[in-house]
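In what follows, a structure is listed as structure tokens, so that the remarks can point back to it.
The values are calculated or read from the model by the stated rules, or taken from the named source; none is laboratory data. In this text the structure is predicted, and so the values were computed from the model without any measurement. All Cβ positions, even for glycine, are placed from backbone atoms using ideal geometry, and neighbour counts span all protein chains on display.
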Amino acid sequence: MNKSESNSYWQVSRAASVRKIDKLVLFILFIAGVAAVANFLVWWVKVEHVDVLALFAIFSFIFIYVLARLVFVWYTYLNVSRPDVPVAPKGLTVAVFTTSYRGEPLDMVRKTLEACKNISYPHTTYLLDNTEDPAFRTAAEEFGAVWLELINVPGAKAGKINRALELTTEDYILVLDPDHIPFPKFLDNTLGFFSDAQVGFVQVSQAYYNQNRSFMAHAAAQQTYTFYGATQMGYNGLGCAIAIGANCTFRRAAFDSIGGHVVGLAEDLQTSLKLHAAGWKSVYNPVVVSRGIVPEDFNSFAKQQFKWAFGALGFIYNDLPAAFPNLSMNQKITYLSIATYYFSGFINLLFLLLPFLFFVTGYLPVNMLLGEFVLNGMWIVLVSIAFYIYVQRWMCHPASERGWHWRAMILKFAVWPVFLYGMLLSLAKVDVPYIPTAKRADASISPFAKPFLWYSWLFVFVFALILLYRMFFIELGDLLFSSVKTWIMMGFAFMSFAMSLWALFVVRPGKHLYTTDPWDELPTGLFKKSA
Amino acid sequence: MSKNNFFDDKLYRFVLFIMVLVLGSFAVVGIMRINSSIRDAVVTLFETGESKIVDFEFKKLFKNTNGKRAQQMAWFTGIKMNKDSLLNPSQIMLGAYDSRANSNFRSILRLEDSLKTHLPLMQIYTTWGSRPENKFPVAEVKSILNLGSLPLITWEPWLNSFNAVQYPDIRDIKERSKHGLTDIANGFYDRYLRDWARDAKAAKVPIFLRFAHEMNDPFRYPWGPHNNSIDEYIQAWQHVHSVFDSLGVENVIWVWSPHVSYEGYEAFYPGQEYVDYIATNILNYGEGMEWSNWYSFDKLFKFHYDKFALYQKPMMIAEFGTLEYGGNKSQWFSDALTNFPEKYPMVKALLFFHVENDNTAILKTFDWYFIEDSSCVNVISKSINGWK
């Protein structure tokens, strides 16, 4: 990151507009992608590719699921849309809710309160506090915020919001996480959309200012760039912009119509769903008008992801069926796609185990020519890459966000045990309490690092065993026929091994990196302009 | 563009509709076109890589003593790359087909150990079709070569497993076998033939190819005289040969292999320039079948040896074995193999038919296996090791 890049962090930055030529390019890519997937599936499903039928069936099903998701991602990109921002009418009553929990750093909350004060559109800031620490009250009063003590409220954040809704009267409510520094022009980028009486909430981009402080932070931030670019813009085009819990401005009437903010582990998604089912429209404005903190170490990241993975499955079972009939087709697919994202942990596990299944039993799920697999799969990869490159034009802050995001890819692999654990606990209906996303780095070794250690040892052990067996003990007659299959499967296992080593690097504890908190490094004079 | 009205304009709607159709069709056809034109290259690339793995493991990693097999067959190793020498080898090339050797060569190596010899030839049976297993058996051939032997491939033109989409000229599956050989001669299966021939050429070593064997047996295989005339058979053979020629495949040794129990097989001979070896199967069913009796090897073969000799071609016993109904198995082998080279100097190759559970005969399965019969093994070993 260079200096000009970090200076530009604090200016309003909006994703590029969507031109006709963009639509044309996306359209051509989409058609090519569908053709590539069709070609692949036609080639894949063949009797002669079956080795063990049950395995073939399972893996075919997974492949089809993964490809269907992929096609939906492309479909989302195809619908990318950037709304024009209507001027915010004067005289709206607006509340800004920010929350503080016990153990949350005071300095961080102070920065947020100070920034809230500087939001230019007239509003009232409320600190929803349960710290029972008088310093927080003092801080709120120092920056002209109303202090609401909300202790013993069920359900953490959403519970506090609901209680605060009872205590306030403003028509519009901006929910802001306490680590986020809003820009002065925040509300000017959201309130105008409410001129359409059907709009229930307006979401803006979520950006960060600490992503260069650690590999982990960088990777975690990279994972969000496309989501807050082309993906949410696509959801917006599909009439299904999602509330992600922070940086979201709600209409009070919308909350009232569904009985307040939903309380649960995936409460943002649940609220979003209920509002859509109740007929409210949503808007995604791809603009950076605040910056906050992204987890700087794997433990914090894992906790956040675990919460979502756990919540997502409950969301599928508990929330989605009731809302389903009231959703448009696009909304149905969007929510299904979001909620099933976390199955990837389970799928990753299966693919990791596949080579070992072969080494132990000799069973393969498929019997096909590697060359043909590569040939037919290649088109899908090519289209994916083309999309990946093209949709980068809709990053909210292109200077810092464009690129290959390789850290994010490694992190995506590194997080599979978290997803899997979340899914399994959710299936077992274990009660998990609400976990606020950690703001400070957590230095302990993540329990989610262990699967990578186990896998690495397993690989080394099995590799050595098979190599020795094949060098000294196997009979010549057996050796020659089994060479290709064995070493191809070993190659797959090796790729997972290499990824696991990377993952171990990512999930390693790294407290020594942090001698300061991110909010101590905010540029001086950040709040002077409008102060 | 203002807002989302791109899809609202009537003209755009129309243009879009046409574009979907045109682009979609082009994309599908385009991918299929490109795939089919580069498929062979890509698949070959990967198979080359795979065979490098096999070579590397066999030559660099594998430390087992069996690896020296090729050195132990020095006389054969000296001639095996030379097609002309293989037509006139200094001693009989022994070989086998072993039914337990489907996924490895363990059983065939055990057989040669028991017989205290080495088997320079190993037989593979493979059928025509459009499935992966119908392709030229690259891996098996590679393995046989690594073992130090050469393959005899018995190549059976079954036509019922061809995919009609990939082979649009071929007839409905129910009628495919009737005059199927004419379809082959007319080039309907050339795509398969060419693929196979190219792979055979890429193997770069002599390959004994026994195509459409027992073509004169009117009961057994679909390419027999109950479905095709003699002319049709000869035309098919010549066509297959010419496809190989046109691709410059020079490493194939053509083995013509009639069933001598049916008279008049001479009429099926495709011609001197189309055949390198003349082969047959000599299997003594003993009293295992209603129509059969216990016959010695000489009784079964001598008469035909003299007829074959007229062609001036090297001969091969491609399937050699006996059952034990109505006679003594060891004695049969002993009678057959003692002084064999003197009795049949033109026979240059002899392959044991070492098959368990042979169910090609209806209602009965036959056991041609003899490795567990120590008196058989001793007799055979003694006979072949006594050859000059």
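Scanning segment A:300-342 for residues that are closer than 24 Å to A:V415 by Cα and in contact with a Lys or Arg (Cβ under 9 Å, 6 or more places away or on another chain), we see that the one that is surrounded by the most Cβ atoms within 10 Å (Cβ to Cβ) is A:S300.
Any idea which residue in segment A:21-44 is nearest to the other protein chains (Cβ to nearest Cβ), counting only those that are β-branched (V, I, T) and under 15 Å from A:A68 (Cα atoms)? Looking at residues that are β-branched (V, I, T) and under 15 Å from A:A68 (Cα atoms), I get A:I31. When B:L86, B:L11 are checked against the criterion of being at pLDDT 85 or above and more than 10 Å from chain A (Cβ to nearest Cβ), B:L86 stands alone in meeting it. Screening A:G159 with (1) at pLDDT 95 or above; (2) not in a loop (DSSP other than H, G, I, E, B) gives one miss only, at (1). For beta carbons closer than 8 Å, sequence separation of 6+ or different chains, a first residue in segment B:291-318 that is in the same structural domain as B:Y274 (by TED's automatic domain parsing) and modelled with pLDDT of 95 or more and a second that is among the basic types (K, R) and not in a helix (DSSP H, G or I), the qualifying pairs are B:P314/B:K348; B:M315/B:K348; B:M316/B:K348; B:A318/B:R210.
When the residues of segment A:332-382 are filtered to those that are part of a loop (DSSP other than H, G, I, E, B) and touching a Leu at 6+ places or on another chain (Cβ under 7 Å), the one that is nearest to A:F63 (Cα to Cα) is A:P365. When every residue of segment B:366-376 is checked against the conditions, at least one turns out to be assigned by TED's automatic domain parsing to the domain that holds B:V275, out of contact with any strand residue (DSSP E or B) (no Cβ under 8 Å at 6 or more places or on another chain), part of a helix (DSSP H, G or I) and touching a residue at least 12 places away in the same chain (Cβ under 8 Å).
Residue count for segment A:345-370 satisfying the condition of being modelled with pLDDT under 90 and touching a Lys or Arg at 6+ places or on another chain (Cβ under 9 Å): 4.
Could you say which residue among B:S242, B:S261 is farther than 22 Å from B:F320 by Cβ and surrounded by fewer than 19 Cβ atoms within 10 Å (Cβ to Cβ)? The unique qualifying residue is B:S242. Taking the criterion of being more than 23 Å from A:T112 (Cβ to Cβ) and either part of a loop (DSSP other than H, G, I, E, B) or of a type in the set (G, A, S) (or both), the residues of segment A:243-262 that qualify are A:A253, A:A254, A:S257, A:I258, A:G259, A:G260, A:V262.
In segment A:180-193, of all residues being hydrophobic (A, V, I, L, M, F, W, C) and out of contact with any Gly (no Cβ under 9 Å at 6 or more places or on another chain), the one that is farthest from A:P83 (Cα to Cα) corresponds to A:F183. Residues of segment A:217-242 that are outside any helix (DSSP H, G or I) and either closer than 16 Å to A:S290 by Cβ or of a type in the set (S, T, Y) (or both): A:T226 alone.
B:V42 meets each of the listed conditions (1) within 14 Å of chain A (Cβ to nearest Cβ); (2) within 25 Å of A:I474 (Cα to Cα); (3) free of Cβ contacts under 8 Å to residues at least 12 places away in the same chain; (4) surrounded by fewer than 20 Cβ atoms within 10 Å (Cβ to Cβ) apart from (2). Note on segment B:213-239: residues that are under 16 Å from the mean Cα position of the chain (by Cα) and surrounded by 20 or more Cβ atoms within 10 Å (Cβ to Cβ) total 5.
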